[in-house]
Amino acid sequence: MSISLSSLIFLPIWINMAQMQQGGSNETEQTAALKDLLSRIDLDELMKKDEPPFDFPDTLEGFEYAFNEKGQLRHIKTGEPFVFNYREDLHRWNQKRYEALGEIITRYVYELLESDCNLKKISIPVDATESEPKSFIFMSEDALTNPQKLMVLIHGSGVVRAGQWARRLIINEDLDSGTQIPFIKRAMDEGYGVIVLNPNENYIEVEKQKMHKQSSSSDGTDEPAGKRERRDKVSKETKKRRDFYEKYRNPQKEKEMMQLFIRENGSPEEHAVYVWDHFIAQASAENVFFVAHSYGGLAFVELMIQREADVKSKVTAVALTDSVHNVWHQEAGKTIREWMRENCCNWVSSSEPLDTSVESMLPDCPRVSAGLETRKLKARFYSSLSQILSCLL
């Protein structure tokens, strides 16, 4: 008799019953009883996945979604917003579906940066060979030649990429709430050159090569037949165990991936320094302005630490939004902290009215309210960034 998946819930009770039935028997006998129970579990039924394969469309049309005239993601047939729980009780599958849609959204925003904002996609490293991993940033035509003003945008950590503030808001709210596009257009209308960083694009993923069976140095004809038979038997048993484990560890047969990091851009901090050295520092603009959200603020502070004199000579003002930088942990010196107090401002979520001073425990830049109390109102927070941009411009 085998124990089915539906009956597995009673396993702890059976184990307790088995222990009670053993009474005063020794630990060995109790262990034997437990092994007997476990041996009757039908692993095929236990590990059988009810979830469908992770085979998702690679276009918005394939998902049957599109952005309407208000920039809202809606189902093309029902007009309803995106539904995360597409299949009940299949959270992992729903999450994979959401991630697949997110990748499409990322490509869609990239296209908007080029087509709607007229930005150029610039490959980095600038001296990359044909075969090495590459990333990219986006720049306006006049980013390096505008003699007066340059705006630099840095998003936060996570799955977001160039042109995004928050993927969740793009999907659940609208493009204006979740992307940097309103910032870019406003800055360009005001006569700014624009550079959009891509600090989370730190590596490419490639499929791990399957381990090839290597011939043993003792495969020669002089190997005794008995030894060769024992080796072959061990090899077969090892493969059998590995295949058995893989069947239950990876029932969807997901590809094993490895990361190949991009030279000099292997982290958001590295990326910020690289773009500074190869682009921003070369720009003609007399005044450079930064808008950095969340981890982007930390990346900017790290840039200051590594290029303090250069940053001070070119950067006029920095608008931080919910920045997670920490001048103590990052060991920012006194002169950096003093410069930040004069040239930076961190807008944070707060119940106070917009621009009301908010107390800070760190001796760096002023903190003021973005006019919001909780992250539940994050969409309004990003909408209020237009007001923050007005302060900066």
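The values are calculated or read from the model by the stated rules, or taken from the named source; none is laboratory data. Given the structure is predicted, the values throughout are model-derived calculations rather than measurements. With ideal geometry, Cβ positions are generated from the backbone for all residues, glycine too; neighbour counts draw on all protein chains shown. Heads up: the accessible areas ignore ligands, DNA and RNA and are worked out on the full protein's heavy atoms, side chains in. Shrake-Rupley method; radii C 1.70, N 1.55, O 1.52, S 1.80 Å.
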Subtract the Cα-Cα distance of T78 and E141 from 0.36 nm times their separation in residues, and report this length gain in nm to one decimal.
18.6 nm
Give me the number: length gained by fully extending T129 to M361, i.e. 0.36 nm times residue separation minus the C-alpha to C-alpha distance, one decimal in nm.
78.9 nm
Sorting E69, E302 on solvent-accessible surface, 1.4 Å probe, most exposed first, gives E69, E302
Of M304, M188, ordered by accessible area with the largest first and a 1.4 Å probe, the sequence is M188, M304
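How high is the relative contact order of segment 94-203? Use alpha-carbon pairs under 8 Å, at least six apart in sequence, and give a whole percent.
Result for segment 94-203 is 30 percent.
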Per 0.36 nm of contour for each residue apart, how much would the distance between E338 and T31 grow if the chain were fully extended, relative to their Cα-Cα spacing?
103.8 nm
Point-to-point label distance, D310-E352, nm (Cα→Cβ direction, 7 Å offset):
3.6
Among the Cα-Cα pairs of segment 267-307, the proportion with separation greater than 15 Å, in percent, is 39
At a probe radius of 1.4 Å, what is the per-residue accessible area of R337, in Å² to the nearest 10?
40
Could you sort out which of K208/K255; K121/K314; K312/K334; K70/K185 sit more than 18 Å apart by Cα distance in this structure?
K121/K314
Alpha-carbon centroids, segment 270-297 and segment 134-189: separation in whole Å
13
Could you rank M139, M257 by how accessible they are, 1.4 Å probe, largest area first?
M257, M139
First check a/c for segment 83-137, with a ≥ b ≥ c the square roots of the eigenvalues of its C-alpha gyration tensor; if it is under 1.5, answer rounded, and if not, answer prolate when a/b is larger than b/c or oblate otherwise.
oblate
